[in-house]
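Report on the structure given below.
The values are calculated or read from the model by the stated rules, or taken from the named source; none is laboratory data. Everything quoted here is computed from the prediction, not taken from an experiment. We place every Cβ from the backbone using ideal geometry, glycine too, and count neighbours over all the protein chains shown. Note: accessible area is taken over every heavy atom of the protein model, side chains too, but ligands, DNA and RNA are not part of it. Shrake-Rupley method; radii C 1.70, N 1.55, O 1.52, S 1.80 Å.
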Amino acid sequence: MLPFIKKLLSVFALLLLWSVTFAHARLPEFTDLAEKSAPAVVNISSVRIVSGDDSLRQFFSPFQRRGGPFDDFFEQFERFFGDQAPTRRSQSLGSGFIISADGFIVTNNHVIRDASEITVNLLDNDTSYQAEVVGRDAETDLALLKIEADRPLPVLEFGDSDQAKVGQWVVAIGNPFGLAHTVTAGIVSAKGRIIGSGPYDDFIQTDASINPGNSGGPLLDMQGRVIGINTAIVASGQGIGFAIPSTMARGIIAQLQENKMVQRGWLGVTIQDLDDNSARALGLTSTRGALIAEVIPDEPAAKAGLRSGDVVVSINGQAVVDSGSLLRVVAQQTPGESVKVEVMRQGEKQSFTVTLGTRDAERLAQRGAPSPRAEDQETSLGVSLRPIDEREARAMGMTRPQGLLVTAVEVESEAARADVRAGDIVMEANQQPVNSVDDFQRVLREDATEKGVVMLLIRRQAQTIFRTIPLE
C-alpha cells in the first residue's frame, strides 16, 4: 500500500508543478513595456484663473442649489461687487504622451480647457516645459500641445484600435491623483461603448485601473502601441474606464497638427435609430441603418435628393448600423468630398451621390413649439389633434400652416408609450402629409391598419423625429 501512496503523491506533485509552470507561462510580463513606454508619457499641470463671482460660487458649491439660502446672497454680491469680486488660481492635473521627437503631445481637451498656463513635466521630474495649445476638439475631448525641447524626445506610436480584441491585455500609464508615472494593467472589457459624452461616442472599455489624473494618458497594447487615450471613468464603479479609440483619435490629431482645427463632413439631416415598429412601418425586415427624420433645406442631402423617411444603410460601401455609426462615418469624411449614400426608400435600395458640406455645431436654429388649446378631435390612438393656425405656423418658422398639433395624450395609451407628447406637431403619418384630422384618420384606415403600425413624423421644438405606434 505504501508504494501506491508514494506514486500517487508523486503524480500530484507533478500536476501541481505543471499547473504552476503553465500559469506563469501564460501571465504577461509588463516590465519591458513599462520601461520603454513610460519616458514618452508626461505629466500635465494646467492653471485656470477663476474670476469674479465664479470663484465664490465654486467655494459655496456644496451648499448651493436653486431656491437655496445663498441665492439672495449671490445676487447681492454680484450687484455690489461686480468685477471687483476676488479671483483665484484653479489647478488641474492630467496626463499626455509625446507623438513626435520635436515635442507634439496628445492629451484630453478637458485637461487643458480654459488654461492660462500649461506645464509639461517629463519622467525625470527635473525637466519641465511651458506648452502651447496647437488645437483642440471639444466634441471628442482631444487636444494637441507643443513644447520646445532642447533634445529629441521619446515617442509613442499609434496602433490600430479596430484590431483590438475583447479580452486582450492592455496597459495604462498616467498620473492618477498626481502620483507621477503609474503603470496599471488589465484587459479590453468591451468596445464601441456609448456613455453620453458627445455625438461621437465609441469608447474602448477597460478594467486597467484609471483614476482622476490619468486623463489624456495612453492605453497601450502589448507591443507598446497606443490603441486608446484614457478619458473617462464611472465614478460609482470600480474597474470601469473608457478610452478614445486610436483609429478615431489619429485622424483628429493629424488635422489639429496640420490645420489647428477639425473639419467634419456634413450631410444636413437629423437622424434617429430604427426600432422594430418603425422598421415594420417602413416595410423593412431589419432595424439596421439610420432613419432620416428631417432633411434640412438647401443642405447637401436635400440637394442630392434624400428625403425624410429614407433609411441610410451605407456610406461609400461602409455599413451604417445605427445613427451613431452614421455620424462617425460622415464625420470622418472631408468636407467637399462626394460620397455614395445608399438608402432604403419604400422597401427598395437606392443610391445617391452627396457632396458633403462642413459640419457646424451652431447650424440648427432653435424653433419654438406652439401652445396647445382646446379645439381638438380625439383619435383612436389616444391622442387629440387639431390643425395649427397662421400664428402658430409663424412661431414655428413655417411659411404656411401644415401638420396637426397634439393637444392631449392619454396616459396609458400606445401613443404615450411611444413618447408622443402634447405640443408635438404631426407632419406626416406613414410618410403621407396630414394637414387635417380627416387626413390622419384616412391614413389609419387605408394604410396603417394593414401594416399594424403608424409611424408619425413629428416636429418637437428644435427637432424633427419619428415615433411609431403599434395598432394592436
The one condition in (1) under 22 Å from Gln432 (Cβ atoms); (2) out of contact with any Ser or Thr (no Cβ under 9 Å at 6 or more places or on another chain) that Thr270 fails to fulfil: (2)
Checking Asp162 against (1) outside any loop (DSSP other than H, G, I, E, B); (2) surrounded by 15 or more Cβ atoms within 10 Å (Cβ to Cβ), the condition it does not meet: (2)
Residue in segment 230-240 that is crowded, with 24+ Cβ neighbours inside 10 Å and either part of a loop (DSSP other than H, G, I, E, B) or at positive phi (or both) present: no
Condition met for Glu258 (acidic (Asp, Glu) and either on the phi > 0 side of the Ramachandran plot or not in a helix (DSSP H, G or I) (or both)): no
Flag for Gln272 being in contact (Cβ under 8 Å) with a residue 24 or more places away in the chain and in contact with a helix residue (DSSP H, G or I) (Cβ under 8 Å, 6 or more places away or on another chain): yes
Gly268 being small (Gly, Ala, Ser) and open to solvent by 20 Å² or more (accessible area, probe 1.4 Å): no
Of the criteria (1) modelled with pLDDT under 95; (2) within 19 Å of the chain's Cα centre (by Cα); (3) not acidic (Asp, Glu), which one Ile229 fails: (1)
Segment 287-309 - residue that is small (Gly, Ala, Ser) and in a loop (DSSP other than H, G, I, E, B) and, of those, farthest from Ile271 (Cα to Cα): Gly305
Matching residues in segment 341-383 - criterion: being closer than 25 Å to Thr468 by Cβ, within 30 Å of the chain's Cα centre (by Cα), part of a loop (DSSP other than H, G, I, E, B) and at pLDDT 75 or above: none
Residue within segment 175-185 that is in a strand (DSSP E or B) and open to solvent by 70 Å² or more (accessible area, probe 1.4 Å) present: no
Test: residue in segment 317-330 that is assigned to a strand (DSSP E or B), of a type in the set (A, V, I, L, M, F, W, C) and either crowded, with 19+ Cβ neighbours inside 10 Å or in contact (Cβ under 8 Å) with a residue 12 or more places away in the chain (or both): yes
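Quick one: would you say Gly196 is under 24 Å from the mean Cα position of the chain (by Cα), part of a loop (DSSP other than H, G, I, E, B), without any contact (Cβ under 8 Å) to a residue 40 or more places away in the chain and surrounded by fewer than 16 Cβ atoms within 10 Å (Cβ to Cβ)? Can you show your working first?
Working: under 24 Å from the mean Cα position of the chain (by Cα): yes; part of a loop (DSSP other than H, G, I, E, B): yes; without any contact (Cβ under 8 Å) to a residue 40 or more places away in the chain: yes; surrounded by fewer than 16 Cβ atoms within 10 Å (Cβ to Cβ): yes.
When the stated conditions are applied, Gly196 passes them.
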Scan of segment 228-271 for residues that are among the hydroxyl-bearing types (Ser, Thr, Tyr) and over 16 Å from Ser100 (Cβ atoms), ordered by number: Thr231, Ser236, Thr247, Thr270
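Okay, residues lined up against (1) within 27 Å of Phe30 (Cβ to Cβ); (2) at pLDDT 95 or above; (3) in a loop (DSSP other than H, G, I, E, B):
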| residue | (1), (2), (3) |
| --- | --- |
| Arg136 | no, no, no |
| Thr140 | no, no, yes |
| Ala143 | no, yes, no |
| Asp150 | no, no, yes |
Residue within segment 114-122 that is under 25 Å from the mean Cα position of the chain (by Cα), in a loop (DSSP other than H, G, I, E, B) and at pLDDT below 90 present: yes
